[in-house]
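Before we start, here is the structure in question, set down as structure tokens.
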Amino acid sequence: METDVQASQVLTNDGQFTNQSSAALGRTRIKAVYIVPSGTAGSVVFKDGGVSGTTVMTLNTVASVTQPTYLIIPSQGVLFSTAVYADVTNIGSVTIFYG
């Protein structure tokens, strides 16, 4: 299934991802992720449905402010049925590309 791919707003703290108009994302598929790490190793835990939602994916980062992580997710991406929430630890920011 082909869909248009869009970018979320940048997330710097725990929270639900939003589109460029600040509307919360509902059911969607993450197609790619761009993480800017901090000087300490960190992680982004992606949850479906909010802070207490089901953990769908965890991405760890290196301890380097000059080495961002860009991950393209194969096939149709990772499906989030209700909402895309991130629990972030020691990162500068994270952006998702979804569709």
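The values are calculated or read from the model by the stated rules, or taken from the named source; none is laboratory data. Here the structure is a predicted model, which means the values were calculated and not measured. Every residue, glycine among them, receives a Cβ derived from its backbone with ideal geometry; neighbour counts consider all protein chains shown. Areas reflect the complete protein model, heavy atoms only, side chains present, ligands, DNA and RNA absent. Shrake-Rupley method; radii C 1.70, N 1.55, O 1.52, S 1.80 Å.
Ignoring ligands, DNA and RNA, please state the percent of accessible area on the chain from carbon and sulfur, probe 1.4 Å. Display every interim value, and only then the final one.
Numbers: 2620 of 5230 Å².
On the chain, the fraction of accessible area on carbon and sulfur atoms equals 50 percent.
Be a star and scan the stretch 1-31 for residues whose amide nitrogen sits under 14 Å from the point 7 Å along the Cα-to-Cβ vector of LEU79.
Under 14 Å, as judged by backbone N against the label point of LEU79, lie 1-2, 27-30 of the stretch 1-31.
Could you please report the charge total around ILE73, scoring K, R as +1 and D, E as -1 over all other residues with beta-carbon less than 14 angstrom from its beta-carbon?
Details: positive: ARG29, LYS31; negative: none.
Once positives and negatives cancel, what remains is +2.
Let me ask you something else. For LEU11, what accessible surface area do you get with a 1.4 Å probe? Give it in Å², rounded to 10.
Counting only protein heavy atoms, the figure is 20 Å².
Something else now. How many percent of Cα pairs in the stretch 1-67 exceed 16 Å? Don't skip to the end; give the middle numbers.
Numbers: 1201 of 2211 pairs.
The proportion of pairs with Cα distances above 16 Å equals 54 percent.
Heavy-atom accessible area per residue, the chain, 1.4 Å probe: how many Å²?
Numbers: 5230 Å² over 99 residues.
I get 53 Å² per residue for this part.
Sticking with this structure for a sec: Using a cut-off of 12 Å between beta-carbons, work out the net charge of the residues near GLN6 (Lys and Arg +1, Asp and Glu -1, GLN6 not included). Walk me through the intermediate numbers first.
On the way: positive: ARG29, LYS31; negative: ASP4.
Spelling it out: positives minus negatives among the neighbours equals +1.
Between SER64 and VAL45, what length in nm is gained on full extension when 0.36 nm per residue of separation is reduced by their alpha carbon distance? Intermediate results must be reported in sequence, preceding the final value.
On the way: separation 19, 0.36 × 19 = 6.84 nm, distance 1.88 nm.
Gain on extension, SER64 to VAL45, equals 5.0 nm.
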